[in-house]
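Undergrad: Right, I'll just put the structure down here and ask away after.
The values are calculated or read from the model by the stated rules, or taken from the named source; none is laboratory data. For clarity, every value in this text was computed on a predicted model and none was experimentally measured. Glycine also receives a Cβ, built like all others from the backbone with ideal geometry; neighbour counts cover every protein chain displayed.
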Amino acid sequence: MRYKKIITDFFILMALTTNISFITSPNSYELVVTVATNLAATILKIGEGRVLSTEMLASSLVADLHLIPALFLYHMGDPQEAMGLAQGALAANVISVIISIIETILSAFTEEEE
């Protein structure tokens, strides 16, 4: 069992679910947790040796660059704009999960060939 992959995949899914949680019930605590889990997922993706790791890292950076300004906008009193940025981050997180699934399928085929 590859524990780094388990932890990375956990944070990828956690980033997606906390993002959805903030969009369905927006409050500042949800947004802080969403930003923290997205940053953790980004850090874990750095240095991954997977085939699609650059695409996964890029999608995670896009989500971070939506959520960090959303956090500032939310606390400055513009929750509608923060929500729009969080929805953009949601799209990036969905793409990250899809890439992770594709990566898992590719690695399964590679293991079968060996």
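Undergrad: Look at residue 56 and say whether it is in contact with a Lys or Arg (Cβ under 8 Å, 6 or more places away or on another chain), of a type in the set (A, V, I, L, M, F, W, C) and assigned to a helix (DSSP H, G or I).
TA: On the way: in contact with a Lys or Arg (Cβ under 8 Å, 6 or more places away or on another chain): yes; of a type in the set (A, V, I, L, M, F, W, C): yes; assigned to a helix (DSSP H, G or I): yes.
Criteria met by residue 56.
Undergrad: Kindly indicate whether any position in the range 89-109 is at pLDDT 95 or above, part of a helix (DSSP H, G or I) and aromatic (Phe, Trp, Tyr).
TA: Looking for residues that are at pLDDT 95 or above, part of a helix (DSSP H, G or I) and aromatic (Phe, Trp, Tyr), one finds none in the range 89-109, hence no.
Undergrad: If I ask for residues that are of a type outside the set (Gly, Ala, Ser), under 12 Å from residue 26 (Cβ atoms) and touching a residue at least 40 places away in the same chain (Cβ under 8 Å), which ones from the range 76-95 would you list?
TA: Answer for the range 76-95, where residues must be of a type outside the set (Gly, Ala, Ser), under 12 Å from residue 26 (Cβ atoms) and touching a residue at least 40 places away in the same chain (Cβ under 8 Å): 79, 83, 87.
Undergrad: Can I ask one more? When you look at residue 67, is it closer than 28 Å to residue 111 by Cα and surrounded by 18 or more Cβ atoms within 10 Å (Cβ to Cβ), yes or no?
TA: Numbers: closer than 28 Å to residue 111 by Cα: no; surrounded by 18 or more Cβ atoms within 10 Å (Cβ to Cβ): yes.
Spelling it out, it is not the case that residue 67 is closer than 28 Å to residue 111 by Cα and surrounded by 18 or more Cβ atoms within 10 Å (Cβ to Cβ).
Undergrad: Let me ask something else about it. For the range 16-50, give me the residue count where each residue is touching a residue at least 40 places away in the same chain (Cβ under 8 Å) and either assigned to a helix (DSSP H, G or I) or over 16 Å from residue 6 (Cα atoms) (or both).
TA: First, pick out the residues of the range 16-50 that are touching a residue at least 40 places away in the same chain (Cβ under 8 Å): 16, 19-20, 22-23, 26, 28, 31, 34, 38, 41, 44, 48, 50.
From what is left, the residues that are either assigned to a helix (DSSP H, G or I) or over 16 Å from residue 6 (Cα atoms) (or both) are 16, 19-20, 22-23, 26, 28, 31, 34, 38, 41, 44.
Qualifying residue count for the region: 12.
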